[in-house]
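Take a look at the structure set out below.
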Amino acid sequence: MTETVAETVGMTRRFGNKTAVDALDLTIPKGVVYGLLGPNGSGKTTAMRMLTGLLTPSEGRAEVLGTHLPGNAEPLKSRIGYMTQGFTHYRDLTVFENLRFIAEIHDLPAARKRRRIDELLETYDLREQATMLAGALSGGQRQRLALAATVIHEPELLFLDEPTSAVDPETRRNFWERLFDLVDAGTTMIVSTHLMDEAERCHRIAILDLGRKCADGTPEELIEKVGGRVVEVAGNDLRHIGRELAGHEAISSVAQIGARLRVLVAETVTDAETAVTDALRDHPEVSVRPVRPNLEDVFVLATRGAAR
Amino acid sequence: MISARRTMAILRKELLQLRRDRLTFGLIVMIPLIQLVLFGYAINTEVRHIPAAVVDQSNTSLSQALTQIVEATQVVRFEERFATVEEAERAIVRAEVRAAFIIPHDIDDRLVRSPAIGGRFAPTAPGETARPVAQWIADGSDTLVAGAIRSLRVMPLGELFREPTNTATPTFEVTLFYNPEQRSVVNIVPGLVGIILTMTMIMFTAAAIVRETERGNMEMLITTPIRPLELMIGKIIPYVGIGLLQVGIILGLGAALFSVTTAGSLGTLLVVTLLFILASLSLGLVLSTIAKSQLQAMQMTVFVLLPSILLSGFMFPYEGMPDGAKLIADLLPATHFMRIIRGVVLRDAELADLGPDAAWLLGFAVLGLVVASLRFRKRLD
Ligand SMILES: Nc1ncnc2c1ncn2[C@@H]1O[C@H](COP(=O)(O)OP(=O)(O)OP(=O)(O)O)[C@@H](O)[C@H]1O
Ligand SMILES: [Mg+2]
């Protein structure tokens, strides 16, 4: 077994009578990118806030870098970096001033502060914007600034809350390049997302829904598990057929993707292709064929299961 | 221990933000400037030129002379003449005039018998008493106006007969220390230092913590190793400088416009003002940890500001207040400062004379800082 940097046992957080995170068990090994995948309101941010000591769990406990939570989280704060979901740096300060502020808040000695700011402006391609107010940056530039500020003190463990939700694929690709550089340097990352291409980049993911963990493992393992539950239907009048299928008991989900229907069948069904063909007896003109699942299928199947 | 580097980082950030916030920056200078001019010229407890009416029922040269010497006091200015008392009363009701001077038809007779002019023809027959020379009717709703009119009650009238008045030996001799000309502005200028500092210092810091929360920066700040005390100290130091700047403006302008010069030593002035600034800033910080929004912070500032204006001794003398009001007044830093600053500016009081009030301010500042740091939680729940 590899070293564990963070672990939660039955971690729960309630707001009033609403349970935002429900008995979450996670084990996050060192040196990986760990994805928290879940739809809006599934408790990703709340889980991160508990792991960073900003929120106290209502029940259960966590251990992050050897620090027990709930407990004194202060020593942890110079060893972790947390990039919040929204931009939480100062919009009325320039890029350089923001970085200098964070470096000083982390008590970096003057020489290291200068070296780090210089490196980061270079790495995150912000040198030209150094004297611009953060509020005047584009979304992607702002995200790069936030990441630079989050890693300025070279933390061992990074929390990134939906880091690239607002940027184009090209920028996202570059952003992930930087993240993998950090992983190479030994950093562990916990990344929340609801984007499939981001989830695919993670070494391990946990799928959250309504505050509960529905599944976890490597993306390959998870895809493996739902093998044989995905079929594609091609033919005419797909809107009508889709509606018909959706009402069927054996069918979990139907989604139109271009000229095809992607049909996910329920876990109870043994042979997906036969089940769908049976369900479409009245439409002999359509063709049904099994396909390899992708992460989105995993996501939909996992979260559907919890909702029902 | 607290880290100087982190405290400096907060301080520098506050200054940068302040510099980019033009309006706030402008208000720092404009508030003391405008308030001083407004208060200095407008607030005037010596009442002059009250609009009044005269009802002259005798219409003799004597009654005209009487009217003139009354007007010469500058307390009233006769703007209307009425034939009857009823008309004058109606004018008071309509607020056209605030008072009416009624001269009876037998003014000559009354005057000669009046002791006010020396009592040369004082009543001889038993039972016969001197009647007042004339009558004032005044709008009593404004006590300042009423008081001014009442002061005319014992006006010397010897001038009417071109001879020295019988200035009977006064019962008391009054010697006025400090401010012998009785100019109210002398008391207002140093008092205004307290009021303006209360307003700006509490307002700036009351918003200081809430603003971080409202703009979302707090979530970032609390994930860093910053300590509450470092945050608090870094946030108040820039405003200490601003407070001193405002004091400079008020006292400098007070000297230039109203010739209110500081009698005491500048060193003493600096020390006591610093104490008051620190007390106000730490009070603001405590409010800031209570308020959930900047609007709430503003309302809390007003909540402190109003009693600071009314109860601190700025408007009304502390000694004249009922015990309950004194209790509240004693809780306000402004009350203690008002006593100190007037002492230093007007009476050249030494720090030693002001010991208890100065110590109180220091204690308040330290307590406020500790309470604000303890109340501040690096958590979202
Ligand atoms: N401070 C709070 N008070 C009350 N309810 C809260 C609070 N914070 C979160 N919640 C609730 O907890 C649930 C989980 O919220 P959370 O922000 O963790 O979701 P998320 O997975 O981060 O969603 P998103 O993808 O939209 O960011 C939501 O239903 C939300 O309404
Ligand atoms: Mg979130």
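The values are calculated or read from the model by the stated rules, or taken from the named source; none is laboratory data. Everything numeric here is computed off the predicted structure, so don't read it as measured data. Cβ: placed from backbone, ideal geometry, glycine included. Neighbour counts: every protein chain shown.
Here is how the numbers come out for the structure above:
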item: Residue check, A:E244 assigned to a loop (DSSP other than H, G, I, E, B), modelled with pLDDT under 90 and of a type in the set (D, E); result: no
item: Unique residue being over 18 Å from the mean Cα position of the chain (by Cα) and either surrounded by 17 or more Cβ atoms within 10 Å (Cβ to Cβ) or in contact (Cβ under 8 Å) with a residue 40 or more places away in the chain (or both) when the list is B:Q57, B:Q35; result: B:Q57
item: Residue in segment A:59-82 that is within 20 Å of the chain's Cα centre (by Cα), within 16 Å of ligand 2 (Cβ to nearest atom) and touching a residue at least 24 places away in the same chain (Cβ under 8 Å) present; result: yes
item: Helices (runs of 4 or more DSSP H) (entirely within segment B:1-116) containing at least 2 residues that are within 14 Å of another protein chain (Cβ to nearest Cβ); result: B:4-20, B:22-42
item: Scope segment A:100-129; condition without any contact (Cβ under 8 Å) to a residue 40 or more places away in the chain, within 11 Å of chain B (Cβ to nearest Cβ) and either in contact with a strand residue (DSSP E or B) (Cβ under 6 Å, 6 or more places away or on another chain) or small (G, A, S) (or both); matching residues; result: A:A110
item: Positions within segment A:82-99 being at the interface with chain B (Cβ under 8 Å from one of its Cβ atoms) and more than 16 Å from ligand 1 (Cβ to nearest atom), in sequence order; result: A:H89, A:Y90, A:R91, A:D92, A:L93, A:E97
item: When residues of segment A:35-54 are limited to those that are more than 10 Å from ligand 1 (Cβ to nearest atom) and facing another protein chain (nearest Cβ under 10 Å), the one nearest to A:S192 (Cα to Cα); result: A:T52
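Rundown of residues vs (1) of a type in the set (S, T, Y); (2) part of a helix (DSSP H, G or I); (3) in contact with a helix residue (DSSP H, G or I) (Cβ under 9 Å, 6 or more places away or on another chain), yes/no style:
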{"site": "A:A275", "(1), (2), (3)": "no, yes, no"}
{"site": "A:D278", "(1), (2), (3)": "no, yes, no"}
{"site": "A:R281", "(1), (2), (3)": "no, no, no"}
{"site": "A:D297", "(1), (2), (3)": "no, yes, yes"}
{"site": "A:A302", "(1), (2), (3)": "no, yes, yes"}
